[in-house]
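One structure below.
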Amino acid sequence: MIEFEQNLLISKFVSSDIPDLVACFAKHGWPKSIDIFEQHLQEQKSGYREIWVASLAASRSDVVGIGVGLYGEPDGGYAAAQNFM
């Protein structure tokens, strides 16, 4: 767990994060099933995926961004999306 400021906390993704993530995605019109987050958690436990969750108290802004780490797989994965030319 990393605390950058009094209002920002970054921690490893855990199962107790799932209900809040499902609710937040749905609230913003981008519904995700519980199953996808459970799959991501299993992939993290197996070492395939690493997920961090940032929690920010919305005292400064109503807008929060999301960052996604792209990966490269033997089939190409998202590696091409990381090349900005």
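Nothing in this text is a laboratory measurement; each read-out follows from the coordinates by a stated rule. These numbers come from a predicted model, not from an experiment. Please note: Cβ atoms are built from the backbone with ideal geometry, for glycine as well, and neighbour counts cover all protein chains shown.
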Quick one: which residues, 5+ away or cross-chain, put their amide H under 5 Å from the amide H of W52? H built at 1.01 Å from N. F13
If we count every other residue with Cβ under 14 angstrom of F37's Cβ, Lys/Arg +1 and Asp/Glu -1, where does the sum land? -1
HN-Hα couplings for segment 39-53 via Karplus (6.51, -1.76, 1.60; θ = phi - 60°), in whole Hz with x for Gly/Pro, come out as 5, 4, 5, 5, 5, 5, 4, 7, x, 6, 9, 10, 10, 10, 10
